[in-house]
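S.K.: Next up is a structure, given as C-alpha cells.
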Amino acid sequence: MAVRGDFNRLTSLIEQARLIASVQFRMNVLKNLAEAARTEIVLGFATSTDPYGNRWAPLKAKPGSRRYGGQPLRDRGILQNSFNVEPTATGILIRAVIYAGFHQYGTRRMVARRMVPVDNNLGPRWRRSFYRVIETQLTLASKRR
C-alpha cells in the first residue's frame, strides 16, 4: 500500500502542533492574557462599568460634598493602581489592595461594584479581549516555521 501526499506540509503541521503544545507558547499566551486583563481593569475604571457592561452604582454623596458627582472608585486612584495581574503556570493571578474585595462583592452598607469577572463568567468585554489574544497567538504560531 502506497501513501501519497504533501509530506512537507504534514511536517509543517506537526511542528506547529508541537509549538502550540509547548510551555513557551502557553506562557506567551498567559502573559498576553494578563496584559489584556490589566487593560480591561483600567477600561472598567475609566468607564465605571463592570466586566459585564453594567454601569457601577453612582456615589451616594450629598450635593456640596467632595464626592458629589464624582466617579465611583476613583477618588485618588489607589484602588485602580493597586491591581497587579501576572501569569502563573496554569492561568493568571489578579491581586489588589485588601479593601478591593469590599467593593467587588459589596457589604451590608455598600453596593458591589465589580472590577473583575466572578464565577467563571468573563463577561462579553473580557471574553472578546481574551479571544483576540488567543487568536493572535495562534496566528503567530501558524506563521512560524
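Computed from the coordinates by the stated procedures, all read-outs in this text should not be read as laboratory data. Keep in mind the model is a prediction, meaning the values are calculated, not measured. Glycine gets a Cβ as well: all are built from the backbone with ideal geometry, and neighbour counts include every protein chain shown.
S.K.: Where Lys and Arg each count +1 and Asp and Glu each count -1, what net charge lies around P124 among other residues with Cβ under 14 Å from its Cβ?
M.R.: Details: positive: R114, R125, R127, R128, R132; negative: E40, D50.
Overall, the nearby charge balance is +3.
S.K.: Could I ask something else about it? Take the Cβ-Cβ distance between I14 and M110 as r, set R0 to 35 Å, and report the resulting FRET efficiency rounded to the nearest 0.05. Could the numbers behind the result be given before it?
M.R.: Numbers: r = 55 Å, r/R0 = 1.58.
With a Förster radius of 35 Å, E is 0.05.
S.K.: To the nearest 10 degrees, how steeply does helix 7-21 sit against the main Cα axis of the chain, on a 0 to 90 scale?
M.R.: The helix 7-21 is inclined about 30 degrees to the chain.
S.K.: Against the longest alpha carbon principal axis of the chain, how many degrees, from 0 to 90 and to the nearest 10, is the axis of helix 123-143 turned?
M.R.: The angle comes out near 30 degrees.
S.K.: Modelled label-to-label distance, A57 and Y99, 7 Å Cα→beta-carbon offset: nm?
M.R.: 1.7
S.K.: Quick one: net charge around A100, please, counting Lys, Arg +1 and Asp, Glu -1 for every other residue with C-beta under 13 Å from its C-beta.
M.R.: Its environment carries a net charge of +3.
S.K.: Could you calculate the contour length gain from D6 to E35, that is, 0.36 nm times the residue separation minus the distance between their Cα atoms, to one decimal place in nm?
M.R.: Extra length from D6 to E35 when fully extended: 6.5 nm.
S.K.: What 222 nm value per residue comes from the helices of the chain, counting each DSSP H run with n ≥ 4 as -39,500 (n - 2.57) and dividing by all residues, nearest 500 deg cm²/dmol?
M.R.: Rounded to the nearest 500, it is -16000 deg cm²/dmol.
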